[in-house]
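Just so you know, all these numbers are worked out from the coordinates, no wet-lab data involved. This one's a predicted model, so the numbers in the text were calculated from it and none came from an experiment. Don't worry about glycine lacking a Cβ; one is built from the backbone with ideal geometry, like all the others, and counts go over all protein chains shown.
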Amino acid sequence: MFASMAIPVNDPEHGFCRDCLRLQSGPVRRCERCGSPRLARHAELYGLHLAHIDCDAFYAAVEKRDNPALRDKPVIIGGGKRGVVSTACYIARIQGVRSAMPMFKALEACPEAIVIKPDMEKYVRVGREVRAMMQALTPLVEPISIDEAFLDLAGTERLHGLPPALVLARFALQVEKEIGITVSTGLSYCKFLAKVASDFRKPRGFSIIGEVEAQEFLAEQPVTLIWGVGKAFAAVLERDGIRLIGQLQRMERNELMRRYGTMGDRLYHLARGEDDRRIHADRDTKSVSAETTFDMDLASADDLVPVLRSLSEKVAARLRKAGLAGRTVVLKLKSADFKIRTRNRQLGDPTRLADRIFSTGLDLLRREMDGTRYRLLGIGVSDISDDGKADPPDLVDVQARKRALAEGAIDALRDKFGGKAVETGYTFGKGHRGRPARPDEDEGPEVQHPWERI
Ligand code: DCP
Ligand code: MG
């Protein structure tokens, strides 16, 4: 139907209705057919093809879908072991509830909220359904987490008989109808701005950032909008008097690199809206890892080794849950001056045992304990496979099987009594300094994709 209509290219006078998808012929405020005010209109509307889609209040939306009585109520998903908010619906957010907030604080802000324990299995299932629908639009889908992905729709116009903008709007309606949750979409010419756009007007958002306006738009935004600039790095920039992206736009590349190393290079390009990262459609897990940022910089084995141990256990638990194993152990360190060191070692066969991950990581770590003060430590495995061939019975090390059984038993206890119920010799009583600075930081992405690894 749309293919047969002449779609005006790059004409800001034209747009379409996000509810009935009818093309609009002039600068109207409401749809000429259905009266909806949700119109998409932009000078580059039909020229952009890179999208980022993120489900709105994902866990909460799934719970509301499954229990309509919750629809108009403030809902918080969370509790459980860590006692923090996983997510909150937008009604609860109006009262100030946020992800990663301690539950008691969330309930102070919104005492009437209904708290629901997460049902991960269900969310993974729904996340997969949404992803399958994305993959019907283009093979170039790069999942970022359970509820979000990048899509490159370049060259799909013939297939769909529609330009990417309309395909995306139709997709959002389809998810609402078929899955019963809502999504927000960002459309741009690069990953960075597509992601920024999808976050811009949630929920049920549809935001567009074109090439012409990118620099001007970015100039007014805080540096924290740039991927990789978290609270800690923002504080470093603030100390240097830099708060807005516009200030970065006026700085020389060399100067930024001299000050901030490779991060300076990233700041230079992203501040200008330059991002040539492609979509990696490879859906396989690349690595499984865990990392933590310290309250204070640490240099000694006494401080670092227990953290390595507890992170190794976390990685092993994640591998076991996912039925995966990894053959290369990767150690990541970030020094006090924000330089990243990664070291890796390949094992003879894939592992999913905390012991093997830890001992290999420890070997790698020993070489890096040269007095350097570190602000971040991470450990993980790559070369992922399913765990069928992991940790074969070891004739030399007759303890290996016992250890595997013990780790399985520890998992079961932790699931039952919480993460701190079982502590090994290395981690016991050592949590005080290696504790993460923020409660949401010690989790790290369970499944890492290239976007998160750069
Ligand atoms: N999540 C979590 N803990 C966090 C952040 C998120 O458990 N600190 C979980 C719950 C979310 C899901 O991951 O529903 C997706 O994360 P998002 O950051 O996309 O958050 P939401 O989808 O909940 O909300 P938004 O509408 O802001 O995307
Ligand atoms: Mg989301």
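Could you put HIS269, HIS14 in order, starting from the residue whose Cβ has the fewest other Cβ atoms within 10 Å?
Going from sparsest to densest Cβ surroundings: HIS269, HIS14.
When the Cα centres of the stretch 41-101 and the stretch 206-259 are compared, how far apart do they sit, in Å?
Centre-to-centre (Cα) distance: 27 Å.
Search the structure for amide H atoms under 5 Å from the amide H of ILE116, placed 1.01 Å from N in the peptide plane, and list their residues when 5 or more places away or on another chain.
ILE76, ILE77, GLY78
Pulled fully out, how much extra length does the chain show between ALA336 and MET369, if you take 0.36 nm times their separation in residues and subtract their Cα-Cα distance? Mind dumping the intermediate values first?
On the way: separation 33, 0.36 × 33 = 11.88 nm, distance 1.33 nm.
Separation in residues times 0.36 nm, less the Cα-Cα distance, equals 10.6 nm.
For the pair ASP265 and ARG343, how long in nm is the line joining their label points, each one 7 Å along Cα→Cβ?
2.3
Determine, from the Cβ-Cβ distance of ARG71 and ALA43 and an R0 of 41 Å, the FRET efficiency 1/(1 + (r/R0)^6), rounded to the nearest 0.05.
0.65
Using the 10 angstrom Cβ neighbour count as an exposure proxy, how do VAL183, VAL124 rank, fewest first?
VAL124, VAL183
Each label point is 7 Å from the Cα along the Cα-to-Cβ direction; what then is the distance between the points at ARG125 and SER145, in nm?
2.3
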